[in-house]
1. Taking a ≥ b ≥ c as the square roots of the eigenvalues of the Cα gyration tensor of region 235-319, is the shape rounded (a/c under 1.5), prolate (a/b larger than b/c) or oblate?
2. For region 217-278, what is the convex hull volume of the alpha-carbon atoms per residue, in Å³?
3. Working from the alpha-carbon coordinates of region 1-53, get Rg over Rh, Rh being the Kirkwood radius.
4. Using the count of nearby Cβ atoms within 10 Å as a rough guide to exposure, how do 25, 42, 69, 325 rank from fewest to most?
5. For a quick check: sort 23, 262 by the number of other beta carbons within 10 angstrom, fewest at the front.
6. Would you mind ranking 279, 234, 298, 308 by Cβ crowding within 10 Å, fewest neighbours first?
7. Report the label-to-label distance for residue 148 and residue 278 in nanometres (one decimal), using points 7 Å from each Cα along the Cα→Cβ vector.
8. Using a/c under 1.5 as the rounded threshold, could you call region 273-329 rounded, prolate or oblate? The axes a ≥ b ≥ c are square roots of the C-alpha gyration tensor eigenvalues, and prolate needs a/b larger than b/c, oblate otherwise.
């Protein structure tokens with residue numbers, strides 16, 4: 001059974017789709033976005049997965065990190081962002097330039113003599129997933145602007161489970177991290193200003209602190225956005241195999257800990273009964289047992305089954321067909 005009420009519930013503006021790699025997250029995300037758009041809802045779909053598949057789903061080049069109008073349908077826009085490029089912003093905010101390693105080393109050595117070695121230490125302790133979190137923070141910054149206020153739906157096609165879990169838990173960490181970075185930067189600015197004053201030089205205005213404060217604020221927005229049950233939902237995408245189900249169960253528990261709302265599990269690639277095909281019947285029987293297990297594991301969630309398509313889910317028509325199965329239009 002699908003989830004037709006979601007089509008009308010435009011208060012649920014943000015939808016994140018995540019799960020194990022290879023379960024069809026991009027197809028599910030793209031089909032939802034396409035169906036919303038086809039129903040007159042202005043929609044933006046964003047991929048935060050480094051291995052972008054949205055371009056393949058829409059059969060259109062969406063790379064470049066800029067919003068692109070999806071061809072062949074009204075009201076739909078897409079964007080593939082590069083998390084690694086976004087992640088470099090933190091070092092640039094701290095005054096660290098990766099393009100000149102020797103300068104960086106010299107800078108760190110010089111600063112450590114004056115008690116400013118913390119910057120290097122902070123950068124060394126940045127956890128995995130910070131690139132995705134930085135990218136997401138940048139996305140949140142611009143979708144909160146007036147330009148994007150008229151988008152009724154914003155869909156996130158997230159990275160595989162491990163990356164997504166790190167990304168979801170990072171706003172709390174980065175809030176503290178950027179706070180420390182700001183304190184170190186203030187000390188650096190004070191020292192630089194004092195030194196220039198001794199030489200009779202006028203200190204240049206540095207707006208880095210304002211930028212970092214803005215980033216810190218964005219992290220808070222991301223955290224609050226994830227946890228808002230009225231406007232946000234994380235949909236778990238899976239397939240009827242034990243490995244995928246177990247990973248989905250772990251994902252659900254982590255989402256619970258992070259207080260991120262989950263209402264639906266989308267089970268993709270469900271084989272229909274086919275008595276004329278012995279192999280298909282055996283596979284379908286095994287899947288049926290796993291589907292019963294899914295019903296028990298996620299008994300308090302809405303489980304939506306999507307039949308296996310006999311053709312690649314690519315292009316607007318195929319995506320609309322899949323979206324109709326999920327949303328029962």
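1. Since a/c reaches 1.5 but b/c is at least a/b, the shape of region 235-319 is classed as oblate.
2. Roughly 98 Å³ of hull volume per residue.
3. Rg divided by Rh gives 0.96.
4. 69, 42, 325, 25
5. 262, 23
6. The order, fewest Cβ neighbours first, is 279, 308, 298, 234.
7. Placing both labels 7 Å beyond Cα along the Cβ direction yields 5.5 nm.
8. oblate
Throughout, read-outs are computed from the coordinates displayed, never taken from laboratory work. Note that the coordinates shown come from a computational prediction; the quantities given were computed from them, not determined experimentally. Positions of Cβ are generated from backbone atoms using ideal geometry, with glycine treated the same way; all protein chains shown enter the neighbour counts.
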